[in-house]
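Each value in this text was obtained by applying a stated rule to the coordinates, not by laboratory testing. Bear in mind that the values here come from a model prediction, so they are computed numbers and not experimental data. Please note: Cβ atoms are built from the backbone with ideal geometry, for glycine as well, and neighbour counts cover all protein chains shown.
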Amino acid sequence: MKAARATAAALLAFCASSAGADGSRCHGTVNRGSIEGSVQLPSEGANFTAYSKLAIGMGRNHVHSEVSAIILDAYRKLERAAPGVQYVYGESGNEFGGRFRPHRTHQNGLSVDFLVPVRDQGGRPARLPTPATQRFGYDIEFDRGARHGDYSIDFGAMAEHLLQLDQAARARGRGLALVIFDTAYLPRLFATPRGAELKRLKFMTGKPWVRHDEHYHVDFAVPCSR
Ligand SMILES: [Zn+2]
């Protein structure tokens with residue numbers, strides 16, 4: 001009897017920690033994990049697009065259902081908070097998670113890359129080109145002045161995006177576990193109108209294995225079973 005009750009309690013705890021009946025179920029960690037019932041992010045919306053139709057055709061934009069809901073809530077809020085800005089999301093993960101080359105994480109549906117929002121030479125919001133020949137944008141290098149050709153990083157729009165992601169995550173009882181972005185650019189991000197509010201987020205302070213100048217990586221905090 002006692003054993004049966006313990007089993008039932010364990011089962012309940014498992015269900016509570018791994019999303020609802022139709023939600024995704026993640027396992028393990030971003031470094032070593034998997035996911036069941038993942039969903040694909042939409043290829044585009046009013047103010048965002050995927051980085052590559054080819055890559056999403058290969059299924060490289062799968063995420064946990066909670067992560068999808070958070071991302072889409074944030075984009076909706078940004079239509080008003082950052083009017084005109086064209087956001088581009090990057091790689092997230094495979095349908096069932098697991099090893100996702102060339103990334104070291106992105107294994108359980110909780111990691112998503114976002115290409116930096118940019119402005120053109122005239123200061124107008126633009127969409128960073130992300131052709132397959134430049135590894136869908138990942139090969140783009142921004143200089144010390146945060147410029148690449150005609151484009152410059154829109155730190156204000158990026159700060160607003162991170163704040164909206166954090167707010168949308170917390171509204172659902174979740175959070176952002178980690179943000180990775182080139183540490184040389186962080187002072188410029190923090191210097192934007194709402195930048196000070198970003199200091200409550202956890203940014204990686206060490207050196208990541210690849211430079212994160214053209215994209216920022218976010219790990220979402222959603223409980224997973226082992
Ligand atoms: Zn990443």
>> Could you check segment 185-226 and list, in sequence order, the residues that are surrounded by 14 or more Cβ atoms within 10 Å (Cβ to Cβ), among the hydroxyl-bearing types (Ser, Thr, Tyr) and assigned to a loop (DSSP other than H, G, I, E, B)?
In response: 192
> In segment 205-226, what residues are within 13 Å of the ligand (Cβ to nearest atom) and either in contact with a His (Cβ under 7 Å, 6 or more places away or on another chain) or more than 18 Å from residue 153 (Cβ to Cβ) (or both)?
Replying inline: 209, 219, 220
> Checking residue 95 against (1) under 17 Å from residue 127 (Cβ atoms); (2) assigned to a loop (DSSP other than H, G, I, E, B), which single condition isn't satisfied?
Replying inline: (1)
> Applying the selection to segment 171-193, what residues are within 15 Å of the chain's Cα centre (by Cα) and free of Cβ contacts under 8 Å to residues at least 12 places away in the same chain?
Replying inline: none
> Which residues, counting only those in segment 87-111, are more than 23 Å from residue 224 (Cα to Cα) and away from the ligand (no atom under 15 Å from the Cβ)?
Replying inline: 87
> Given the residues 196, 146, 168, which is the only one that is touching a helix residue (DSSP H, G or I) at 6+ places or on another chain (Cβ under 9 Å), free of Cβ contacts under 8 Å to residues at least 12 places away in the same chain and either among the polar types (S, T, N, Q) or away from the ligand (no atom under 16 Å from the Cβ) (or both)?
Replying inline: 196
> When the residues of segment 112-143 are filtered to those that are farther than 19 Å from residue 185 by Cα and aliphatic (A, V, I, L, M), which remaining residue is farthest from the ligand (Cβ to nearest atom)?
Replying inline: 126
> Is it the case that residue 84 is in a loop (DSSP other than H, G, I, E, B), away from the ligand (no atom under 14 Å from the Cβ) and closer than 18 Å to residue 48 by Cα?
Replying inline: yes
